[in-house]
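Notes for the one structure printed next.
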Amino acid sequence: MRLVNVAAGQLGPIARSETRSEVVARLSGLMRQARESGCDLIVYPELALTTFFPRWYMEDQAEIDRFFEREMPGPETQPLFALAGELGIGFYLGYAELTVEDGLVHRYNSSILVDKRGAILAKYRKVHLPGHAQHEPWRKFQHLEKRYFEPGAGFGVAEAFGGVIGMAICNDRRWSETYRVMGLQGVEMVLIGYNTPVHNPPAPEHDDLSLFHNQLVMQAGAYQNGTWVIGVAKAGVEEGVDQIGGSCIIAPSGEVAAACITKGDEIALARCDLDLCNSYKSTTFNFDVHRQPQAYRLIVERKGRNLMADGTAAPSA
Ligand code: CDT
């Protein structure tokens, strides 16, 4: 057995007025509970340090940038890293990243994996940015991730916690490519934070299915790649927008091993044996034996039915 004791560290709503330090105090409380329960790793949500700001259209870049971190850890987040080192527990944390490269400012929806000494092991930048880039006043609330972030470059994995760990963020969990790209690198545990409004303005007919879809995609991703999946929400009514809970820990069998039952700050715990991945990876989903990549060429050649990957028109059928 290769056991990793994991906590899904769900958060309830974060108000716009809440400070980073107040949020870090909440995260620290969950971390202490997780460690008292013997956890090696706690997984927090997407954009876990602030309210989910893409729900608002803002033009003032200085106002937007107040939701971003310029350094990680920074003065307000350092106590969380120190606590992790003191308690000997790792964590995944989602946050808005502002970075300057070659004199150019970049903004990403990012997550980090931190080891039990409080050191950053790996960073991931969200690939699938949902929503829209322009103000759409007809919506009850906006989803402006395409305006405020640029997409990340890909899905890596890290050797950590005695296994192969990968990260994804929120909308990524709905795309089978996310899990498969990491599955091809032998991933054994995928960590995913999310903020998912119950109501999707362009498709209100999906609202009643939002928790079902959440679990459906993560269970499928786990089973089809023989990996653990840890999905963690920022839940509850945040600044007037209801967000789903449903944080859960899913085994490589696709079964839910543990789940949160509230829409507030809560941990769900599971003893995750990474060796449970083996029978899936070596039989039904032994990729080296069974995959037929020559039959999947359209997956990378095309963006969709009408467009090639480079954005030019696809030949008509
Ligand atoms: N944060 C995030 O990615 N949320 C999306 C909402 C989709 S509706 C625009 C999600 O996939 O859950």
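Where in the chain lies the longest segment free of GluC sites (Glu not before Pro) that are both loop residues by DSSP (not H, G, I, E, B) and have at most 16 other Cβ atoms within 10 Å?
It works out to 77-238.
Nearest-5 percent of antiparallel DSSP beta bridges in the chain?
Antiparallel bridges: around 70 percent, rounded to the nearest 5.
Quote to one decimal, in nm, the extra length available between Glu150 and Asp310 on full extension: 0.36 nm per residue of separation minus the C-alpha distance between them.
Gain in length upon complete extension: 55.9 nm.
At q = 0.12, 0.14 Å⁻¹, what log₁₀ I(q)/I(0) does a Debye calculation on the Cα points of segment 3-290 give, no solvent, two decimals?
-0.70, -0.97
Run the numbers for Thr19 and Ile299: contour at 0.36 nm per residue of separation, minus the present Cα-Cα distance, in nm.
Going from the current span to full extension adds 96.5 nm.
Size of the dipole of the chain about the Cα centre, Lys and Arg at +1 and Asp and Glu at -1 on the beta carbon, nothing else charged, in debye to 20?
The calculated dipole for the chain is roughly 560 debye.
Count neighbours as other Cβ atoms within 10 Å of each site's Cβ, and list the trypsin sites (Lys or Arg not before Pro) in segment 127-213 that are DSSP loop with at most 14 such neighbours.
Lys140
Write down, largest first, the equivalent ellipsoid semi-axes of segment 10-153 in whole Å, where each equals the square root of 5 times an eigenvalue of the alpha-carbon gyration tensor.
With the √(5λ) rule applied to segment 10-153, the semi-axes are 28, 17, 13 Å.
Which of the listed residues, Phe52, Leu3, Val198, is farthest toward the dipole's positive end in segment 3-290, when Lys, Arg count +1 and Asp, Glu count -1 at the beta-carbon?
Leu3
Within segment 77-181, which chymotrypsin sites (Phe, Trp or Tyr not before Pro) sit in a loop by DSSP and count at most 14 neighbouring Cβ atoms inside 10 Å?
Trp138
Counting only the backbone N, which residues of segment 91-127 are under 19 Å from the spot 7 Å out from the Cα of Glu159 toward its beta-carbon?
Residues 113-117, 119-123 qualify, since their backbone N sits under 19 Å from the label point.
Suppose every K and R has +1 on its Cβ and every D and E has -1 on its Cβ; what is the size of the dipole of segment 20-145 about the Cα centre, in Debye to the nearest 20?
400 debye
Label points 7 Å out from Cα along the Cβ direction at Arg70 and Phe287: separation in nm?
Taking the two extended label points, one gets 4.0 nm.
For segment 212-317, which trypsin sites (Lys or Arg not before Pro) are both in a DSSP coil and crowded by at most 16 other Cβ atoms within 10 Å?
In loop regions of segment 212-317 (DSSP not H, G, I, E or B), the sparsely surrounded trypsin sites (Lys or Arg not before Pro) are Arg291, Lys303, Arg305.
Ranking Arg20, Arg125 by Cβ neighbours within 10 Å, fewest first, what do you get?
The most exposed by this proxy come first: Arg20, Arg125.
Since every read-out is calculated from the coordinates, none of them should be taken as a lab result. Here the structure is a predicted model, which means the values were calculated and not measured. FYI the Cβ positions are ideal-geometry reconstructions off the backbone, even for glycines, and counts take in every protein chain you see.
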